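The values are calculated or read from the model by the stated rules, or taken from the named source; none is laboratory data. Here the structure is a predicted model, which means the values were calculated and not measured. Cβ: placed from backbone, ideal geometry, glycine included. Neighbour counts: every protein chain shown. Surface accessibility is based on the protein's heavy atoms, side chains included, excluding ligands, DNA and RNA. Shrake-Rupley method; radii C 1.70, N 1.55, O 1.52, S 1.80 Å.
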Amino acid sequence: MERLQKVIAQAGIASRRKAELLITAGQVQVNGRTVTELGTKVSERDEISVNGIPVGKECPVYFLLYKPVGVISSVIDDRSRTTVVDFFKQVPQRIFPVGRLDYDTSGAILMTNDGELANRLMHPRFKIDKTYIARVNPIPTSEQLRQLASGIKLEDGMTAEAKVRLISNDSGKGIASVQLTIHEGRNRQVRRMFSALHLHVRKLKRERYGFLSLEGLHPGDSRVLKPHEVRTLYHLANRDQS
Ligand code: URA
């Protein structure tokens with residue numbers, strides 16, 4: 001027997017938190033009867049539906065997408081722009097991105113229908129490293145690099161310690177490439193960190209999500225995660241794979 005909100009999250013319908021809201025709002029039925037209690041346990045044999053639509057027992061799928069610039073990291077866009085889900089038209093499962101990259105950021109984004117795992121990976125407690133390459137101008141000083149590493153004061157608080165490396169610089173053009181690894185996932189965090197130091201981000205790419213890199217992929221390409229990679233994600237999220 002599993003908790004109802006967990007089954008809904010695992011089916012990729014919503015995060016566990018949103019599944020709880022669906023239940024308390026009276027939008028979930030078990031064997032045709034509306035259930036509003038969060039503690040409700042269900043078994044394989046129970047017929048669960050959300051707003052009357054049966055929750056299929058989808059098998060979990062996991063992909064890594066190299067998101068190009070100019071793509072929205074959500075399932076639908078109210079302005080009909082291309083979303084990350086549009087790259088998976090051949091995938092029957094209802095997949096969604098784990099976290100977000102800005103419209104103007106490219107790079108590695110995990111796509112899955114495993115709401116439970118996605119929720120955990122996005123939770124700050126699990127501190128998943130995300131590595132970015134930023135093209136910035138002017139060229140950061142060593143003091144600015146040190147500040148990026150030790151923490152920057154943003155309007156939503158200090159940033160956590162980060163790993164920072166100056167990869168290259170072009171003194172003629174006054175542009176540098178900086179590699180920055182953070183484990184937080186605040187909105188537009190990398191851009192805001194540089195901006196707080198009066199450094200302008202001209203290009204931003206996420207080259208790694210945890211241990212997953214873009215190796216072998218071009219913008220718009222995706223690949224299925226290997227079983228050992230899925231196992232490692234479960235391990236990072238401190239969860240049994242069942
Ligand atoms: N930080 C940003 O500023 N943008 C992203 O897309 C990701 C992290």
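Odds and ends about this structure:
- Summarising the strand pairing of the chain, around 90 percent of its internal DSSP beta bridges are antiparallel.
- Distance distribution P(r), the chain, all Cα-Cα pairs, bin width 5 angstrom from 0: 1, 6, 13, 15, 16, 15, 12, 9, 6, 3, 2, 1, 0, 0 percent.
- Working note: Cα atoms of segment 129-209, range along each principal axis, descending, whole Å: 35, 24, 18.
- For the chain, the 222 nm mean residue ellipticity estimated from helices alone, with every DSSP H stretch of n ≥ 4 adding -39500 (n - 2.57) and the total spread over all residues, rounds to -6000 deg cm²/dmol.
- Normalised per residue, the accessible area of the chain is 54 Å², obtained with a 1.4 Å probe and no contribution from ligands, DNA or RNA.
- Loop GluC sites (Glu not before Pro), segment 146-195, which have at most 10 other Cβ atoms in a 10 Å radius of their Cβ (DSSP): 155
- Segment 107-176 - Rg and Dmax from Cα coordinates, angstrom: 15.9, 49
- Ordering of 60-69, 74-83, 204-213, 145-154 by packing is 60-69, 204-213, 145-154, 74-83, highest average first (other Cβ atoms within 10 Å, averaged per residue).
- Ratio of Rg to Rh over segment 66-165 (Cα coordinates, Kirkwood Rh, two decimals): 1.03
- Ligands, DNA and RNA left out, the 1.4 Å accessible surface of segment 40-135 is 52% carbon and sulfur atoms.
- Ligands, DNA and RNA left out, the 1.4 Å accessible surface of segment 153-224 is 47% carbon and sulfur atoms.
- Computed over segment 2-54, the quotient of the alpha carbon radius of gyration and 2.2 N^0.38 Å is 0.94.
- Projected over every direction and averaged, the convex hull enclosing the alpha-carbon atoms of segment 139-185 yields 3.6 nm².
- Diffusion constant of segment 165-207 at 10 °C, which comes from Stokes-Einstein with the Kirkwood Cα-pair radius and 1.306 mPa s, µm²/s: 139 µm²/s
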